[in-house]
Amino acid sequence: MNTNKNISNQSASKIKKFRRELPSTENLTNGILSGNKTALSRAITLIESTNSTHTKQANEIIERCLLHKTNSIRIGITGVPGVGKSTFIERFGKRLTAQGNKVAVLAVDPTSTVTKGSILGDKTRMEELVKDENAFIRPSPSGSSLGGVARKTRETIVLCEAAGYNVILIETVGVGQSETAVHSMVDFFLLLKLAGAGDELQGIKRGIMEMADAIVINKSDGDNVQRAKKARVEFTRALHLLKTQDNGWVPKVLACSALEDIGITDVWETITNYVAINTKNNFFIQKRQEQNKYWLLQTIEDQLKQQFYSNKSVKAELQVAIDAVINNKTSPFTAADKLLNLHSK
């Protein structure tokens, strides 16, 4: 009994030591390129870290991985809470791996604005997919990012592609208008809907439907089949009222049951058809190029913001400026100008 306890303690010590030791950039990069999930996970942790040393190493890893990216399909999946995103992704992912694809799921978990914590429970909801050798699931906290997209999701996509994953699924929080941020980093935008939820017009007002490449009515099973058929007709009509996409693609409306594994193949065929058409007319590569440009500009904004708040002079005067604004002693614009001038000096 004591022998087993000693072995267990030794194993725990080794794990703790391994976690404390930060692998070199070369080792992590080589691990990612060889498809090592542990190396991939550790590199993503570096990307998500706000530590300046980690950021520097993460940037080096990203630069190296950019040279080894695989041809992939990036799919954004969104929908209101309760629409069945996790169940759909698990069924969809299992179908893809069964066909020989390597699937990475980047599941963005809501972050509490009160405690700043996240449950990160997507792995527990995808019990089958998490065990799949050809699947990688990475839950990340959304933090303060708009649209429920983790701040470093784009960089994570690059690492997953370098690790050989050719289908990248990004599951977003699904909580409102800013959800459309995911559109700036994917090739195909999939919107999950529920039949009879009464949100057809709300969907148009939010603008999410305008960017959807396909709408999938989930939970089309049991007593809900007829309602799903009706909803499919209603959404198809609603899409005709929207502006035609620049690439000429007409968004499709499909119905499926992730629970009973019905209609999942149709979704994948729609996506591959979309990719084939847009590869032929060069829209696919043009969209990727536009996204890279957006990524650059967004990164500049993020870094400028980080530099501003980490500036010692700004830190010293920020609370003074806040107090002055709160007590109506100065306007937010004047206070901002003073702080920005401090930063520029």
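Summary of values
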| quantity | calculated |
| --- | --- |
| When residues of region 65-84 are limited to those that are touching a Leu at 6+ places or on another chain (Cβ under 9 Å) and within 16 Å of F188 (Cα to Cα), the one modelled with the lowest pLDDT | G79 |
| Given (1) basic (K, R); (2) under 30 Å from V233 (Cβ atoms); (3) open to solvent by 50 Å² or more (accessible area, probe 1.4 Å), number of the condition K287 does not satisfy | (3) |
| Among (1) at pLDDT 90 or above; (2) open to solvent by less than 10 Å² (accessible area, probe 1.4 Å); (3) of a type in the set (G, A, S) - the single one G203 does not satisfy | (1) |
| Subset tally (residues that are on the phi > 0 side of the Ramachandran plot and at pLDDT 90 or above) for region 128-183 | 1 |
| Pairs, first free of Cβ contacts under 8 Å to residues at least 60 places away in the same chain and closer than 28 Å to N247 by Cα in region 212-231, second open to solvent by 10 Å² or more (accessible area, probe 1.4 Å) and acidic (D, E), C-beta under 7 Å, six or more apart | none |
| Neighbours by Cβ (under 6 Å, 6+ apart or cross-chain): first from region 89-105, assigned to a strand (DSSP E or B); second among the hydroxyl-bearing types (S, T, Y) and at pLDDT 95 or above | V103/T97; A104/Y165 |
| Residues satisfying the stated conditions in region 28-70, i.e. among the basic types (K, R) and either open to solvent by less than 60 Å² (accessible area, probe 1.4 Å) or within 19 Å of the chain's Cα centre (by Cα) (or both) | K37, R42, K69 |
| Pair list, Cβ < 6 Å and 6+ apart or interchain, from region 48-64 residues that are assigned to a helix (DSSP H, G or I) to residues that are buried (at least 17 other Cβ atoms within 10 Å of the Cβ) and hydrophobic (A, V, I, L, M, F, W, C) | H54/L46; Q57/L46; A58/L46; A58/I47; I61/L28; I61/A43; I62/V158 |
| From the options T334, T265, residue that is closer than 24 Å to S72 by Cβ and surrounded by fewer than 16 Cβ atoms within 10 Å (Cβ to Cβ) | T265 |
| Subset of region 316-331 [in a helix (DSSP H, G or I) and either open to solvent by less than 60 Å² (accessible area, probe 1.4 Å) or in contact with a His (Cβ under 8 Å, 6 or more places away or on another chain) (or both)] | L318, A321, A324, V325 |
| Failed condition for A255, given (1) without any contact (Cβ under 8 Å) to a residue 24 or more places away in the chain; (2) under 30 Å from L194 (Cβ atoms) | (1) |
| Residue match in region 206-213 (condition: modelled with pLDDT of 90 or more and open to solvent by less than 20 Å² (accessible area, probe 1.4 Å)) | yes |
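Conditions (1) in contact with an Asp or Glu (Cβ under 8 Å, 6 or more places away or on another chain); (2) within 15 Å of N218 (Cα to Cα); (3) part of a loop (DSSP other than H, G, I, E, B); (4) not β-branched (V, I, T), marked per residue:
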site	(1), (2), (3), (4)
K230	no, yes, no, yes
F235	yes, yes, no, yes
A238	yes, no, no, yes
V250	no, no, yes, no
L259	yes, yes, yes, yes
T265	no, yes, no, no
W268	no, yes, no, yes
Y274	yes, no, no, yes
I277	no, no, no, no
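A quick yes/no check of all residues on (1) in contact with a helix residue (DSSP H, G or I) (Cβ under 8 Å, 6 or more places away or on another chain); (2) surrounded by 11 or more Cβ atoms within 10 Å (Cβ to Cβ):
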position	(1), (2)
L241	yes, no
C256	yes, yes
T272	no, yes
L297	no, no
V314	yes, yes
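The values are calculated or read from the model by the stated rules, or taken from the named source; none is laboratory data. These figures come from a predicted structure and were not determined experimentally. Ideal geometry is used to build each Cβ from the backbone, glycine not excepted, and the neighbour counts take in all protein chains shown. The accessibility values were calculated without ligands, DNA or RNA, using every heavy atom of the protein model including side chains. Shrake-Rupley method; radii C 1.70, N 1.55, O 1.52, S 1.80 Å.
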